[in-house]
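A.B. asks: Please read through the structure below; I'll follow up with questions.
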Amino acid sequence: MIHKHHHHRKKSLRTQITKQLRPWHRSLGVISALFILLMALTGMLINHSNHLSIDSAHVEQKWLLDYYGITPPNQINIYQTSPLKLASSDNLIWIDNRLTVEADSSIKGMLSLGRMLIAVDSNNLYLLSKEGELLEKQDAATGLPRGIQAIGYDEQVWLKASDGTYLADDDLIEWEQTQTLAPIAWSKPLVEVSVVNEREMIALQARSSHLTWERVLLDIHSGRFFGSLGPWFMDLVALALIIMSISGIYIWQQQKPKKLRKRK
């Protein structure tokens with residue numbers, strides 16, 4: 001009788017534990033399933049990011065760029081709109097809405113000269129093809145004046161520097177400090193109302209260049225997308241999966257047919 005009573009109490013305790021575990025197991029299963037689905041999808045996309053071009057696809061959604069704290073450039077200049085669109089955003093050079101060169105400092109001016117494009121920052125001159133390929137970069141080591149403020153063209157290329165004006169030779173190799181005899185057409189950004197949309201487009205592309213969809217997927221997968229507590233939350237999800245696995249095994253063990261349990 002004592003043995004039967006003890007067995008009954010033991011069975012009753014197991015039944016109560018199983019009843020308590022079932023709702024927890026079900027709730028944890030539903031919650032965890034959502035995050036497992038999210039992690040599985042992001043993981044698959046990350047594994048094939050190169051084939052899907054996700055690693056080179058830039059985010060253009062403004063709310064997502066705002067979420068990452070990527071602000072618009074401080075200065076956006078459109079120098080011409082045809083036959084090629086030449087623009088700059090801070091130290092980035094854009095040709096026909098394509099990012100071509102990241103300069104050392106903010107762009108001071110751009111020119112289209114025959115089959116070449118010329119851009120300058122404070123201490124460098126960049127020669128580019130019309131396709132955006134960087135052909136040559138000049139600096140003080142090659143004889144370029146320092147403290148460049150503007151670039152201009154009047155049959156020849158001129159530079160305005162902090163210590164005066166400089167004239168280039170026909171090959172753009174030698175720079176001679178000299179006085180201008182006539183007004184120089186210095187490169188200046190367009191101010192027409194018609195280029196407002198162009199500036200907005202460059203601003204968005206400049207922001208977009210700092211963030212790819214691969215980075216977003218990696219942040220979602222690791223939990224970093226959800227802030228500083230994101231990785232900890234993903235750890236809790238992993239812990240919930242462990243608890244769900246253990247509780248599932250326990251519930252399955254208690255619900256096995258008696259004959260199966262006796263065989264063991």
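A.B. asks: Which of the following residues is closer than 23 Å to Glu198 by Cβ, among the charged types (D, E, K, R) and touching a Leu at 6+ places or on another chain (Cβ under 9 Å): Lys85, Lys130?
C.D. replies: Among Lys85, Lys130, only Lys130 is closer than 23 Å to Glu198 by Cβ, among the charged types (D, E, K, R) and touching a Leu at 6+ places or on another chain (Cβ under 9 Å).
A.B. asks: Restricting to the stretch 83-109, name every residue that is in a loop (DSSP other than H, G, I, E, B) and within 18 Å of Trp186 (Cβ to Cβ).
C.D. replies: Ser106, Ile107, Lys108
A.B. asks: Looking at Ser122 and the list (1) free of Cβ contacts under 8 Å to residues at least 24 places away in the same chain; (2) farther than 28 Å from Ser82 by Cβ; (3) in contact with a strand residue (DSSP E or B) (Cβ under 7 Å, 6 or more places away or on another chain), which single condition is not satisfied?
C.D. replies: (1)
A.B. asks: Scanning for something modelled with pLDDT of 80 or more and outside any helix (DSSP H, G or I), does the stretch 201-209 turn up at least one residue?
C.D. replies: yes
A.B. asks: Here is a further query. I want to confirm something. Restricting to the stretch 66-82 and keeping residues that are among the β-branched types (Val, Ile, Thr) and not in a strand (DSSP E or B), which single residue is surrounded by the fewest Cβ atoms within 10 Å (Cβ to Cβ)?
C.D. replies: Taking the candidates together, the pick is Thr71.
A.B. asks: Taking the options Ala161, Ala141, Ala168, name whichever one is among the small types (Gly, Ala, Ser), exposed (fewer than 11 other Cβ atoms within 10 Å of the Cβ) and over 26 Å from Ala206 (Cβ atoms).
C.D. replies: After ruling out the rest, the residue left standing is Ala141.
A.B. asks: On to the next question. What number of residues in the stretch 122-138 are in a loop (DSSP other than H, G, I, E, B) and surrounded by 13 or more Cβ atoms within 10 Å (Cβ to Cβ)?
C.D. replies: Going through the stretch 122-138 one residue at a time, the tally reaches 5.
The values are calculated or read from the model by the stated rules, or taken from the named source; none is laboratory data. Everything numeric in this text was worked out from a predicted model, so none of it was measured. We place every Cβ from the backbone using ideal geometry, glycine too, and count neighbours over all the protein chains shown.
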